[in-house]
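Beneath this line is the structure, given in structure tokens, with notes to follow.
The values are calculated or read from the model by the stated rules, or taken from the named source; none is laboratory data. Here the structure is a predicted model, which means the values were calculated and not measured. Here the Cβ positions follow ideal geometry from the backbone for every residue, glycine too, while neighbour counts run over all protein chains shown. To get the accessible areas, we keep the full protein, side chains included, count just its heavy atoms, and leave off ligands, DNA and RNA. Shrake-Rupley method; radii C 1.70, N 1.55, O 1.52, S 1.80 Å.
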Amino acid sequence: MLYGAIEAGGTKMVVALVEDTGEIKDKVVIPTSTPEETMPQIIGYLKGKDIKAVGVGSFGPVDVVKGSPTYGCIMNTPKLAWKNYNLVEALETGLGVPVSLDTDVNAACLGEMTYGCAKGIGNVIYVTIGTGIGAGIAVEGKLLHGMMHPEAGHILITKRLADRGQSVCPYHDSCFEGLASGPSIEARWGKKAYELVDNQIVWELESEYIAKGLMNMILTLSPQKIILGGGVMHQEQLFPLIREKVAEVLNHYYDTRELADMDTYIVPASLNDNQGILGAAVLAMNV
Ligand code: ADP
Ligand code: ZN
């Protein structure tokens, strides 16, 4: 059985055909321009492929609450052409198969829980640290939506006193995304993140902010595993620093079996950047 999977991002759409075994049969990348230009290309690719359903992991904010009047719509986005656009309706009309939608980060979390490093674990957080920061959250085996979906990139963290960088978040002057996203690193140091590889101070500060963000999530959600993905996390030297600082900020407030083994508690994404598309396929399988 074949399923359609879409990872809908602000700059590109990854569209794939996935077997129910999790094998990716084929994959294309389509630029995200306007719905009028992009959607016919997605539909054209998936049409006539005998797919049973389509799953979408989307950039947001997006209404993923089934039964809500605006279910399936991209909400408030700086990409104005997509604002209020109903992704689910467009795909269902264009393809005539059921469509299941979740956030890009929830899809990635689901991909890791089904095929990756979080198999068999029910309480998982997938955090992406890239252009923005976002978290997909599973609680007792179910992806968390609540009133819409979590926006854990905007939790407040304390700024280091000596940090002269300004938050790049237009809404908050001391939030996780504002202080630790890729663009915030670039704004603070005046260079592209990958040009700062050898500057230890950069990653020391970055890991401190990531550790603070993670600590808030650990204490609130009690996850059994945390997976870190996104462009910034390609800096693998961050992992040992983050693990050390998370232990430091938690300060043995509580000790669990999971926290005792930081190397398996805080881990990189394990599916070669296919976690989002595979999770989208699982959404389709569960539609
Ligand atoms: P997006 O979040 O737009 O989907 P990414 O997850 O690739 O895309 O994140 C892009 C951000 O990550 C940019 O701000 C970029 O500077 C940063 N980034 C990308 N690759 C690297 C790298 N190898 N090292 C450090 N930062 C990176
Ligand atoms: Zn913010």
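Full extension from ASP26 to THR93: what is 0.36 nm times the residue separation minus their Cα-Cα distance, to one decimal in nm?
Contour length minus Cα-Cα distance gives 21.8 nm.
Per 0.36 nm of contour for each residue apart, how much would the distance between LYS119 and SER174 grow if the chain were fully extended, relative to their Cα-Cα spacing?
Computed gain between LYS119 and SER174 is 16.4 nm.
Quick check on region 15-103: of the DSSP beta bridges with both residues there, what percent are antiparallel, nearest 5%?
In region 15-103, approximately 55 percent of DSSP beta bridges are antiparallel ones.
Using only the alpha-carbon atoms of region 8-163 as identical scatterers, what base-10 log of I(q)/I(0) does the Debye formula give at q = 0.16, 0.17, 0.18, 0.21 Å⁻¹?
Per q value, in the given order, log10 I(q)/I(0) is -0.97, -1.09, -1.22, -1.56.
Pop the C-beta distance of ASN86 and ASP273 into the FRET formula with R0 = 35 Å and round what comes out to the nearest 0.05. Provide the component values of the computation, followed by the final result.
On the way: r = 28 Å, r/R0 = 0.79.
Plugging the Cβ-Cβ distance into 1/(1 + (r/R0)^6) gives 0.80.
Can you pull the percent of region 210-287's accessible area that's carbon plus sulfur, 1.4 Å probe, other chains left in place? Provide the component values of the computation, followed by the final result.
Details: 1770 of 3610 Å².
With neighbouring chains kept in place, the figure for region 210-287 is 49 percent.
Can you tell me the length gained on complete extension of the stretch LYS192 to LYS142, counting 0.36 nm per residue apart and subtracting the Cα distance?
Full extension from LYS192 to LYS142 adds 14.3 nm.
Suppose each label sits 7 Å from its Cα in the direction of the beta carbon; what would the SER222-GLN237 distance come out to in nanometres?
Distance between the two pseudo-spin positions: 3.8 nm.
Could you give the accessible area per residue of the chain, probe 1.4 Å, as a whole number in Å²?
46
Would you mind getting me the FRET efficiency between GLN200 and LEU259? Use the beta-carbon distance for r and R0 = 25 Å, nearest 0.05.
Rounded to the nearest 0.05, the efficiency is 0.45.
Once you've got the Cα coordinates, tell me which of LYS192/LYS212; LYS25/LYS225; LYS52/LYS119; LYS12/LYS191 are over 26 Å apart.
From the list (LYS192/LYS212; LYS25/LYS225; LYS52/LYS119; LYS12/LYS191), the Cα-Cα distance tops 26 Å for LYS25/LYS225.
If I model a spin label at GLU248 and GLN41 as a point 7 Å from the Cα along the Cα→Cβ vector, what separation in nanometres do I get?
The two pseudo-label positions are separated by 4.5 nm.
Can you pull the percent of region 1-158's accessible area that's carbon plus sulfur, 1.4 Å probe, other chains left in place?
Using a 1.4 Å probe with all protein chains present, region 1-158 comes out at 57 percent carbon and sulfur.
Quick one: what Rg and Dmax do you get for region 69-132 from the alpha carbons, in Å?
When restricted to the Cα atoms of region 69-132, Rg and Dmax are 14.7, 40 Å.
Within the P(r) computed for the chain, what percentage of the Cα pairs occupies the region above 32 Å?
Value for the chain (Cα pairs over 32 Å): 25 percent.
Quick check on the chain: helices-only [θ] at 222 nm, where DSSP H runs of length 4 and up contribute -39,500 (n - 2.57) each and the sum goes over total residues. Nearest 500, please.
Values: 10 runs with 100 residues, N = 287.
Per the formula, -10000 deg cm²/dmol.
Report Rg(Cα)/(2.2 N^0.38 Å) for region 235-287, keeping two decimals.
Details: Rg = 15.4 Å, N = 53, 2.2 N^0.38 = 9.9 Å.
Rg over 2.2 N^0.38 Å, computed on Cα atoms: 1.55.
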